[in-house]
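The values are calculated or read from the model by the stated rules, or taken from the named source; none is laboratory data. As the structure is a prediction and not an experimental result, all values here were calculated from the model. We place every Cβ from the backbone using ideal geometry, glycine too, and count neighbours over all the protein chains shown. For the accessible areas, the whole protein counts, side chains as well, though only heavy atoms, and no ligand, DNA or RNA atoms are used. Shrake-Rupley method; radii C 1.70, N 1.55, O 1.52, S 1.80 Å.
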Amino acid sequence: MADALSLPIAEIAVLLSDGKLKARALVEQAIANHERCGGKLMAYSQWAPEYARGCADDADAAFAVGARAGPLQGIPVSIKDLFAVCGFATYAGSPKRLPPQFEIEGPVIASLRRQLATVMGKTHMVEFAFGGTGHNAHYGSPYNPWDAKAHRSPGGSSSGAGVSLCEGSALLALGSDTAASVRLPAAMTGNAGLKITKERWSTAGIVPLSFTFDTPGILARSMADAAFSFAALDPLLGDSFAFLRRVPAGIGGMRIGIADSWFWDGCENGIDGVVRGAIDKLASAGAIVKDKPLPEAREAFAVFAEGGVSAIELRAFLDQELPGWLETIDPVNAPAVKNTENLSARDYLRRRLRLVTAAKAAAARFDDVDVIATPTVMFSPHVLAKESSAEQFWARNRKIVHNLAPVNFLTLCAATLPVGLDRIGMPVGLQFIAKGGDDECLVAVACAAERVLGTPREILGIPPLCKG
């Protein structure tokens, strides 16, 4: 099949299961796509074509004897180098290989293994996931494929994840989201992203940034692909196909709140207009749309701007588990991490308590809406060379996670899907935020919205740097 990778994952899975497509043929297409780009996009820190071929052969061997290991059997997957994967070193974006205990797989990767998914390699990331621009002083930063001239941010910290999808070397990308790190790169590269509720998926086998907020997450080429992958990996759903059959075909009757001006004011390059236009289309298709303030987001972001809790939790992890790593940490991150030694336990706990209070109030905002809609990112992906100091880096970081970090800090879940291009030709994302624990409802709304608005390829086309 000439271009099987262009099909939705659900269709590919059926072709594989029916024997009309071989996993080996699929992985050869994925490898060819990566090689066509010549590795210039820097999606992978560990590109493993021979390993992937072996995975695909195992999937085909199982198919040949009628064994169906799971929905992701034979599906090419890229994995952020925060996850332990047997056969791969774990660096977590740092310059040194982490000790052996950080190469013991956790439940998310174990599920991929059981299903005989095809592992393409490990993707580049921001060191210890601490930052959203994609910057990494040790290895360089992946290229956002939507700009053929300038080296723009691909988003972070799962910086190579979205790029791997754009170049066609993976159909599913695993990342993590502590304050933005799935939704931000998904939005900036024109992909879909899903940040699930904290504790729904185990973080075992994943190098921590913040034990308070870390969540594994999914990036995919569409919300339909993200929903399929979520259903395949989620430990609470049981029958993944039953969940997918329950996803409504239309948006009619779904209740969408429009977030207050805090999420909109200051959007650049026409981003707000693109997102509002998408919401208008959903309303015309039958969605029930109303204004819905989420004032607790201001309090959550205030805590984030004061330093949040991630830096102190990362410092505690490094001090206890990787004491030698603090000496070589990225210079843009070093001040924030090292200065946490001046933060008192009282101040740390105070921040936690402020967020607990805000989260309780935020949960009540969803009593009369299914989701609250916002622009995913208010700013276009910036040229990375313009970050010349730690101060500039963190000023930019605070701006681009403005609409994202409150979701984590308020223990909510969220999805992003692309809805158009801004005035400079970069992807624009629409974020849906849902109450913590309402992941299934969130996925249903996002999938229904995509059916109205169109798939990313239909809306955006192909990134300039990924065209043959």
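Here are some notes:
- Hits in segment 62-121 - residues which are charged (D, E, K, R) and open to solvent by less than 30 Å² (accessible area, probe 1.4 Å): Lys80, Asp81
- Taken over segment 267-298, the criterion of being in a loop (DSSP other than H, G, I, E, B) and within 21 Å of Ala444 (Cα to Cα) is satisfied by Ala285, Gly286, Ala287, Lys292.
- For the residues Arg346, Arg365, the requirement of being open to solvent by 60 Å² or more (accessible area, probe 1.4 Å), assigned to a helix (DSSP H, G or I) and under 28 Å from Ile279 (Cβ atoms) singles out Arg365.
- Which listed residue, of Ile424, Ile433, is open to solvent by 10 Å² or more (accessible area, probe 1.4 Å), touching a Ser or Thr at 6+ places or on another chain (Cβ under 8 Å) and aliphatic (A, V, I, L, M): Ile424
Matching residues to (1) within 30 Å of Ile206 (Cα to Cα); (2) basic (Lys, Arg); (3) open to solvent by 50 Å² or more (accessible area, probe 1.4 Å):
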site	(1), (2), (3)
Trp262	no, no, no
Arg298	yes, yes, yes
Ala302	yes, no, no
Val309	yes, no, no
Glu313	yes, no, no
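- Filter pass, Met125 being buried (at least 19 other Cβ atoms within 10 Å of the Cβ), hydrophobic (A, V, I, L, M, F, W, C) and in a loop (DSSP other than H, G, I, E, B): yes
- Residues of segment 61-86 satisfying the condition of being aromatic (Phe, Trp, Tyr) and either more than 22 Å from the chain's Cα centre (by Cα) or more than 25 Å from Asn33 (Cα to Cα) (or both): Phe63
- Residues that are small (Gly, Ala, Ser), surrounded by fewer than 19 Cβ atoms within 10 Å (Cβ to Cβ) and modelled with pLDDT under 95 are absent from segment 272-291.
- Scanning segment 68-90 finds no residues that are more than 25 Å from Phe230 (Cβ to Cβ) and among the aromatic types (Phe, Trp, Tyr).
- Index of the failed condition, Phe241 passing every other in (1) under 22 Å from the mean Cα position of the chain (by Cα); (2) at pLDDT below 95; (3) part of a helix (DSSP H, G or I): (1)
- Condition check for Leu21 on (1) under 25 Å from the mean Cα position of the chain (by Cα); (2) not in a helix (DSSP H, G or I): one failure, at (1).
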